[in-house]
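Peer 1: Before I ask anything, let me first share the structure, which is written out below as structure tokens.
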Amino acid sequence: MPDGGNRKGMKIQTGLTSIKGVGEKTAELFARLHITNVGELLEHYPRDYEKMDAPVTVSALTPGRVCAVRAAVIGMPQVKRVRSLVIATVQAGDATGFFRLTFFGMPYLRSILKPGSVHIFRGLCQPGYAGKAGRPAAGSALMQMEQPAIFSPEEYAGLQDTLQPRYALTKGLTNRMMIRTVRGALEGLDGGLLAEFLPEELRKEYDLIPWLEAVRKIHRPADREDIAAAVRRLSFQEFLAFFLGISRLKGENRRRSFPDPLHSVPDTERLLEKLPYRLTGAQLRAWEQIRSDMEKDTAMNRLVQGDVGSGKTILAFLALLMCAANGRQGCLMAPTEVLAAQHFEALSGLCAEHGLCIRPVLLTGSIPAREKKRIYAGIARGEYNVIIGTHALIQEKVEYRDLALVVTDEQHRFGVRQRESLAEKGREPHVLVMSATPIPRTLAIVLYGDLDVSILDEMPVGRLPIKNCVVGTAWRPKAYAFLADQVKAGHQAYVICPMVEEGEMDGLENVTDYAGKLEAALPKEIRIGVLHGRMKSARKNEIMEAFAAGETDVLVSTTVIEVGINVPNATVMMVENAERFGLAQLHQLRGRVGRGSAQSYCMFISSNESDEVMKRLKILNTSNDGFFIANEDLKLRGPGDLFGVRQSGQLDFKIGDIYRDSDLVLKASELAGRIVSGDPEREDPKLAPLYRWEEQHGNPVDFRSI
């Protein structure tokens, strides 16, 4: 029923074209965000909320704040092209002063911003600058806004003093369209068809509002209290589903026998003696735990958790070597093809240099079908005893002759069901997972509840500590000059933006436009690449491989590079809108540099320079210890910090945040344990709706960002 009125009594499975205003073409835009029905739409939670404050005068515009201002356009917009980027600038003002507006990739604005026309402009205020030198523009009162939202005075009056949700979008889909569609879905829902899956006594015990009420409040809040109540309920149910899945794994792991135990082999000791460096005490302790686990008649389930650069990979290689020397097969699954290829090259180099008994092969999705068929046959015959790859390792066509060890890198990127799928490829194989995600130990115990934990809390000697700085947007011209100097010296740099394209959220940088800004600001000979998670896998791999090969100087990216690429020549990490990320994630991003012998640098640029924000970010100046930073993040992030920081990378729940919601994490873990122990056969009729929901949502990790 395309583009018709809302269908009465819509269900979760109802298609989007049943919502008024959604035709086939609009539905295709939503499908790009993996939204195809009402349920998926309602679980597309807002990223943030905006309080639509009353417009101020031009003289009251404040640097570093998002403001709305009523102003008249002065003169015609001036449009110029800088390489591939179209830049439009125009001045606007009122009786108290004037300011400059800059738009990127929007040449059609000439038809909207006509001389004398009055609009409400809403965006981030910044000091005006003239040229590349960073000198303030003439007139101390001159301010500027880049890419502000434009409203008619009448339209803004209807929004003033309300909380407006801001959603993740895609090109062609505006926030206003998303709000209208969500509201159409909420109005058409039949509450009677949506059974509450948490029993009332549990909701009362944990102070949770009903699910349907939470969904309505998360999308249409009256105030911050509505948001807090909705976030609490929706986060709790995500954590509960996760822990029910983990509880199932725990029970299965206790029963997992390993009938043909492995034995210690001299090959691993010889490799340790030949390495050009000595393992740290923490690495040696972890290796002893791994080796001991692999000699038992029960299957190993161990997590090696260590900061970036703490030496997890060599431990994985030692475990794979022990497995191969016992005549068995092992595999290592990485989150990206580029990282899988880098692991393969590193292991192949060790084999060639030290004559190891490992016969490795690389298996990824982009390998041609004929070559894959040959690799499949070799794996099945046992010609390869170590297989390195991505999700391709768990495809149905892959059959192992004798899989005894599964190693997963950054295991939170795979989740419960992917780990189960890979483990099922062998006769209850040993499982070793590696993670650089710095999670406080109190949370790690429950989040990785089905695993034994080894922590690498020492760094190898000889690494130069990364030099950090936390600055405001006024420092950006100096940052550009520093980037240019580093590239001139033969190095490479990352620039991280929180958004993919213009329109996803006002006031935040996006990679699409930012790459154009850099092209305009940096010398022409500097080669700039763009990377984000919405690209097809093959294209992402091409871009990362080009950067790793030194064919690109500066990579403008979203957090998709948080794991999955290792470029020792990259010496600069610059993060825009750093205030929008959690400290633990910023530390993860910082871990992309400092991997070579040259001094590395990290610049965190914040568009919010309040004392509270800068105090939090400057913790990164004082420490390069991920576990210290994670604990500080846990202390600083309270229940009131609902959407001020955009978290991802740490077990990517759709709405739950393990730092902000640490109390809920522990409570959901406790409840999952009670449910499993009290109803081990899943026969309690009161819990049947919960079990059905958990089966559908038991793996909350979002793989679309990989």
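Where a number appears in this text, it was derived from the coordinates with a stated rule and is not lab data. This one's a predicted model, so the numbers in the text were calculated from it and none came from an experiment. All Cβ positions, even for glycine, are placed from backbone atoms using ideal geometry, and neighbour counts span all protein chains on display.
Peer 1: With an 8 Å cut-off on Cα pairs and a minimum separation of 6 or more residues, tell me the relative contact order of region 467-623 in percent.
Peer 2: With pairs under 8 Å counted, the relative contact order is 31 percent.
Peer 1: Take each of the peptides 464-475, 258-269, average the number of other beta-carbon atoms within 10 Å over its residues, and list them starting from the highest.
Peer 2: Result, highest mean first: 464-475, 258-269.
Peer 1: Still on this model: Where does each of 298-304, 677-683, 115-121, 594-600 land if you order them by average Cβ count within 10 Å, highest first?
Peer 2: Taking the mean over residues of other Cβ atoms within 10 Å, the ranking is 298-304, 594-600, 115-121, 677-683.
Peer 1: Relative to the longest principal Cα axis of the chain, at what angle does helix 175-188 sit, 0 to 90 degrees, rounded to 10?
Peer 2: 70 degrees
Peer 1: Sticking with this structure for a sec: Per-residue counts of other Cβ atoms within 10 Å, averaged by peptide: what ranking do you get for 328-338, 529-539, highest first?
Peer 2: Going by the mean number of other Cβ atoms within 10 Å, highest first, we get 328-338, 529-539.
Peer 1: Suppose each label sits 7 Å from its Cα in the direction of the beta carbon; what would the Ala54-Ala481 distance come out to in nanometres?
Peer 2: For the pair Ala54/Ala481, the computed spacing is 4.3 nm.
Peer 1: Once both axes come from the Cα atoms, what is the angle between helix 281-294 and the longest principal axis of the chain, in degrees from 0 to 90, rounded to 10?
Peer 2: Helix 281-294 and the main axis of the chain meet at about 60 degrees.
Peer 1: Right, another one. Fewest to most neighbouring Cβ within 10 Å: what's the order for Tyr691, Tyr400? Spell out each step's value before the answer.
Peer 2: Numbers: Tyr691 16, Tyr400 21.
With the sparsest Cβ surroundings first, the list reads Tyr691, Tyr400.
Peer 1: When DSSP assigns beta bridges and you keep just the ones with both residues in the chain, what percent turn out antiparallel, to the nearest 5?
Peer 2: 40 percent
Peer 1: How large is the direction-averaged shadow of the alpha-carbon convex hull of the chain, in nm²?
Peer 2: Quarter of the Cα hull surface area: 31.7 nm².
Peer 1: Can you pull the one-decimal nm distance between simple spin-label points at Ser292 and Val79, each 7 Å off the Cα toward Cβ?
Peer 2: If labels sit at Ser292 and Val79, their model points lie 7.1 nm apart.
Peer 1: Which residues among region 592-617 fall inside the zone where the amide N is under 15 Å from a point 7 Å beyond the Cα of Arg224, along Cα→Cβ?
Peer 2: Once the point is set 7 Å along Cα→Cβ of Arg224, 612-613 turn out to lie under 15 Å by backbone N, inside region 592-617.
Peer 1: Based on the Cβ-Cβ distance of Lys204 and Asp679, what FRET efficiency does E = 1/(1 + (r/R0)^6) give at R0 = 22 Å, to the nearest 0.05?
Peer 2: For R0 = 22 Å, the calculated efficiency reads 0.70.
Peer 1: Pairing the Cα long axis of helix 476-488 with the longest principal axis of the chain, what angle in degrees results, from 0 to 90 and rounded to the nearest 10?
Peer 2: 40 degrees
Peer 1: Expected output is a single nm value to one decimal: the length gained when fully extending between Ser597 and Ala346, i.e. 0.36 nm times separation in residues minus the C-alpha distance. What is it?
Peer 2: 88.6 nm
Peer 1: Let me ask another. Can you give me the three principal axis dimensions of region 53-159 from its C-alpha atoms, in Å, biggest first?
Peer 2: Extents along the principal axes: 40, 30, 21 Å.
Peer 1: While we're on this one: On full extension of the chain, what length is gained from Glu269 through Arg32, given 0.36 nm per residue of separation minus the C-alpha to C-alpha distance? Don't skip to the answer; put the middle values down first.
Peer 2: Numbers: separation 237, 0.36 × 237 = 85.32 nm, distance 5.09 nm.
Length gained, Glu269 through Arg32: 80.2 nm.
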